[in-house]
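The values are calculated or read from the model by the stated rules, or taken from the named source; none is laboratory data. Because the structure is a prediction, the values reported are computed rather than measured. With ideal geometry, Cβ positions are generated from the backbone for all residues, glycine too; neighbour counts draw on all protein chains shown.
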Amino acid sequence: MPCFHSFCLACLDRAVKSAPPTCPLCRAAFEIPKKDGLSALPVDPFVLNVNKQKETLASVNPNDVKCGCGDEDGVIYCDQCAAFIGEGCLKFHRTSKATSSHVTMTVDDYFKSSGPASRRMFCQTHEASEVDTFCKQCQLAMCPSCVVPNHVSHQGLVKLTEVAADFSGELKQAASTV
C-alpha cells in the first residue's frame, strides 16, 4: 500500500468497504487496481519472507531437521527454497541451473541466527536476486534485475538500507510522542 502498511487480502477486503478505500491503520486513501482488484496491489517482499521463515521455524525441531526428500537429515537451509536439504540432495541443489545461485547456510547457523527478520529478502520475480533497491515513485522494494526494465527512469530510486534507516527514525520519533 502507498502508506507502507501491509495486510493479508482477506483482512484488507473486509476493511476497505469505504469509498475511497482507506488504509485500516492510518486512513490514507488509495486506489484499488481496476484489473484484479486488491490482489493486484504490490506484495511486500519483506512481510512475505518473514512469514515464510516464521512458518518454517515454528514447524521445525532443530534436533530433528529432515531433508525435503524425507530420506535423510538436513545439513543446510536454503533461503529461496525455504527448505532444509540433506547431503544426498545437496550436490543436485548446488549444480542445478534453477538452484545453483541460491543462498544456503548450515542448519546450526540457521537456528543460531537472530530470527527471520535478520535474513535477506529475495525478489519474487527473480528468486536468486536479493531485494536491495526501493522505488519511491512506485513505493516498491525490488532487486537490480527489476530496476532496469521497470523503474530505471523513475525519480527516487534509493538503496533499501537508506529507506529502512529513514523509516526507523520516523518510527522512533513517532513512538516518542506517544
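Go through segment 24-41 and give me each residue that's at pLDDT below 80 and surrounded by 14 or more Cβ atoms within 10 Å (Cβ to Cβ).
Scanning segment 24-41 gives a single hit, PRO24.
Filtering segment 109-124 down to residues that are over 30 Å from GLU31 (Cα atoms) and surrounded by 12 or more Cβ atoms within 10 Å (Cβ to Cβ), which residue is modelled with the lowest pLDDT?
The qualifying residue modelled with the lowest pLDDT is PRO116.
Sort out which residues of segment 146-178 are closer than 15 Å to THR133 by Cα and basic (Lys, Arg), and write them in order of number.
Answer for segment 146-178, where residues must be closer than 15 Å to THR133 by Cα and basic (Lys, Arg): just LYS159.
Can you tell me which residue in segment 6-25 is farthest from ASP44 (Cα to Cα), limited to those that are touching a Pro at 6+ places or on another chain (Cβ under 8 Å) and part of a helix (DSSP H, G or I)?
Across segment 6-25, the extreme among qualifying residues is ALA15.
Scan segment 125-147 and tell me whether some residue there is farther than 30 Å from PHE30 by Cα and at pLDDT 80 or above.
no
Given the residues THR95, THR99, THR104, which is the only one that is over 30 Å from LEU140 (Cβ atoms), hydroxyl-bearing (Ser, Thr, Tyr) and modelled with pLDDT of 75 or more?
None of the other options fit; the residue is THR95.
Return the only residue of GLY74, GLY88, GLY68 being surrounded by 12 or more Cβ atoms within 10 Å (Cβ to Cβ) and either in a loop (DSSP other than H, G, I, E, B) or at pLDDT below 85 (or both).
After ruling out the rest, the residue left standing is GLY68.
If VAL152 passes every condition in (1) farther than 29 Å from HIS102 by Cα; (2) aliphatic (A, V, I, L, M); (3) outside any helix (DSSP H, G or I) but one, which one does it miss?
The single condition VAL152 does not satisfy is (1).
Taking the conditions exactly as written (in a helix (DSSP H, G or I) and touching a residue at least 12 places away in the same chain (Cβ under 8 Å)), does VAL163 satisfy them or not?
yes
What number goes with the only condition from (1) more than 22 Å from ASP64 (Cα to Cα); (2) loosely packed, with under 15 Cβ neighbours inside 10 Å that THR133 does not pass?
(2)
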